[in-house]
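Taking it in order: structure first as structure tokens, then the write-up.
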Amino acid sequence: MESRKIGELLIEARAVHLQDVERALQLQAAAGGRLGSILFRTGAVSEDALLKALGAQLEAPVLGSDAPLPDENRVQQGIAESGIAADWFVDQRVLLWHEGDEALGWTAQDPLSPLVLQALSVCAGERRLDLHLARRHDLDRYLDFVSRERAMESLATGTDKALRELAEEAPIIELVNNIFGQAVEAGASDIHIEAGATQFVVRLRVDGVLHTRMTQPMERFPAVASRIKLISGADIAERRLPQDGRMTTRVGGREFDIRVSTAPDVHGESIVLRLLPKERADLALANLGMEPDHLEIMHGWAREAHGIVLVTGPTGSGKSTTLYSMLAAANDGNRKMITVEDPVEFQLPGITQIQARADIGYSFARALRAILRQDPDVIMIGEIRDLETAEIAIQAALTGHLVLSTLHTNDAASAFTRLINMGIEPFLAAAPVRGLQAQRLVRLLCTACREPATVPAAILEELAGVPAWNGQGNWFHPRGCPACQGTGYKGRLGIYELIPVDESLQALVARNVSQDQLKAHVREAGWRTLREDGLLKASRGITSVEEVMRVVSQ
């Protein structure tokens, strides 16, 4: 393969002095090694000049100059199909890739090594081996990629000890941190990592709607899952049962609490992470997008001396934010305020916040009993989810405490039905409740690209009976632009249904009338429904009719 000496070629090209070659030959005689490598290491010749001379000597093109660099995945595939362990390629600093059906491309730090030539000849079989030369930094980059992929494969099939060790490898940490960083940059509230047959998908919930952000080969999924479990305190060896975990991390200069939920599925696991910023500057009722009449009612409820105020809605509808805003409004410095939550989502100054821990038996009900011995004036319960918690909350409200809590119901009036279904007697469900609220979140129209729109006459007729509407409409619909990532929307705010509970409504609940009768009473009283409040905001150009219909169908 060798025709002319490398030293002669370098001297002829005036890339090196004769004295440097003579010194390098002396070092070679004493310590061995390739002459070109010695010249390069001693600084006698540049890498580009050495590669040019080697290319002429070996009749091989230089990658990135005379020939294009191969795709990393082609290199990975070539190594995987060679029949030789990937570790050998890394140790010998060799790369291999397909160049059509009849040839394999290859490069190595020492392309004249007999061991390398013999091994590649065996795996090539009848195919031609085409030598290329590569700069060291390019070779390092490819070998680092091969090493990372090797670590991913080991993680997918490794023991629990290997899972723990490899989950702490730098490539895994960087990938998970990158997912977190993209979520924060996009303003996402949730990260969904979903396993598939051949790849897993990372989706971000931005303004209430899921968007696919990243797809990765399934070989990497065990690494990502194990890393998330490791830092959230979950068991990385458990993949057959659902798990919950939590972590605190700093992303983009902001502190976040992250709630983690894993559930097994047919392809592996589904992992959902809820991002909860520790500091919120907008925890004020005035910042929630309420109409003036609703805002006045909410401030009145926050000043109540005793009773229960229930905020209802599905998961992710902003109930916790509303409760925190009510706490901030009620916190005048003269009242003792205690919360029991799972988890504590936002930390508020001047308020005692208690973390419920069902895993150690410290349930909402048990925490509430302890709270009542702390002489509170205002109690916030993260969620009323069982009979025991509901009974203690009602007793607290009947004995001089203001209780704020949430329920999972479709509308405000259904809160009574939910309490009764839990096992609360109808008269006890009615007596302490001062106010009910239901809410949803709708996306805000992007002000950079929204376009004027006309609405059907039926919408105008529906709004005609809403006292807060002045008959004037400023309707828009979404278009999409770079500022809103093509969605037509940017940001969210709430739409609300508020029902102050008066004696007539309490009497109906105590008689355990049907839910339809309760709703009919509310309509007769003139309180706006979620749909009407949403259409009112759409008439002011804040959101669109389509968005309101998407969130609230009736």
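The values are calculated or read from the model by the stated rules, or taken from the named source; none is laboratory data. Small disclaimer: the values here were computed from a predicted structure and weren't measured. Don't worry about glycine lacking a Cβ; one is built from the backbone with ideal geometry, like all the others, and counts go over all protein chains shown. Surface accessibility is based on the protein's heavy atoms, side chains included, excluding ligands, DNA and RNA. Shrake-Rupley method; radii C 1.70, N 1.55, O 1.52, S 1.80 Å.
Worth pointing out:
- Cβ separations smaller than 7 Å between residues 6+ apart or across chains give the following pairs from the range 221-241 residues that are free of Cβ contacts under 8 Å to residues at least 40 places away in the same chain to residues that are assigned to a helix (DSSP H, G or I): Asp235/Lys229.
- Any hit, the range 198-212, residues being of a type in the set (S, T, N, Q), closer than 21 Å to Arg550 by Cα and open to solvent by 40 Å² or more (accessible area, probe 1.4 Å): yes
- Just one of the listed residues (Met290, Met247) is open to solvent by 10 Å² or more (accessible area, probe 1.4 Å), of a type outside the set (Val, Ile, Thr) and over 25 Å from Ile542 (Cβ atoms), and it is Met247.
- Count - residues of the range 296-305 that are more than 18 Å from Lys336 (Cβ to Cβ) and open to solvent by less than 40 Å² (accessible area, probe 1.4 Å): 4
- For the criterion of being touching a strand residue (DSSP E or B) at 6+ places or on another chain (Cβ under 8 Å) and either closer than 22 Å to Cys123 by Cα or not aliphatic (A, V, I, L, M) (or both), Pro61 passes.
- When the residues of the range 74-126 are filtered to those that are of a type in the set (Ser, Thr, Tyr) and touching a residue at least 24 places away in the same chain (Cβ under 8 Å), the one that is most open to solvent (accessible area, probe 1.4 Å) is Ser82.
- Residue within the range 141-153 that is at pLDDT below 90 and in contact with a strand residue (DSSP E or B) (Cβ under 6 Å, 6 or more places away or on another chain) present: yes
- Unique match (being charged (D, E, K, R) and assigned to a strand (DSSP E or B)) among Arg418, Arg434: Arg434
- Residue count for the range 469-494 under the criterion of being in contact with a helix residue (DSSP H, G or I) (Cβ under 6 Å, 6 or more places away or on another chain) and in a loop (DSSP other than H, G, I, E, B): the result is 1.
- Checklist (1) surrounded by fewer than 17 Cβ atoms within 10 Å (Cβ to Cβ); (2) closer than 30 Å to Leu310 by Cβ applied to Asn474, failing item: (2)
- Taking first residues from the range 312-330 that are at positive phi and partners that are in a helix (DSSP H, G or I), the Cβ contacts under 8 Å between residues at least 6 apart in sequence or on separate chains come to Gly313/Lys319.
- Test for Leu493: is it in contact with an Asp or Glu (Cβ under 8 Å, 6 or more places away or on another chain), touching a residue at least 60 places away in the same chain (Cβ under 8 Å) and hydrophobic (A, V, I, L, M, F, W, C): no
- Contacts under 6 angstrom Cβ, first residue in the range 190-216 being within 23 Å of Gly494 (Cα to Cα), partner among the acidic types (Asp, Glu) and part of a strand (DSSP E or B), 6 or more apart: Arg205/Asp190
- When we screen Arg528, Arg540 for residues that are open to solvent by 40 Å² or more (accessible area, probe 1.4 Å) and basic (Lys, Arg), the only hit is Arg540.
- From the list Glu462, Glu524, Glu497, the lone residue that is over 30 Å from Ile424 (Cα atoms), of a type in the set (Asp, Glu) and outside any loop (DSSP other than H, G, I, E, B) is Glu462.
- Checking Gly526, Gly494 one by one, the residue that is under 20 Å from Val311 (Cα atoms) and either out of contact with any strand residue (DSSP E or B) (no Cβ under 9 Å at 6 or more places or on another chain) or of a type in the set (Lys, Arg) (or both) is Gly526 and no other.
- Selection count where residues are out of contact with any Ser or Thr (no Cβ under 9 Å at 6 or more places or on another chain) and under 30 Å from Thr454 (Cβ atoms), scope the range 500-540: 11
- Verdict on Arg434 being of a type in the set (D, E, K, R), surrounded by 14 or more Cβ atoms within 10 Å (Cβ to Cβ) and more than 24 Å from His299 (Cβ to Cβ): no
- From the list Ile308, Ile338, Ile351, the lone residue that is closer than 21 Å to Phe256 by Cα and modelled with pLDDT of 90 or more is Ile351.
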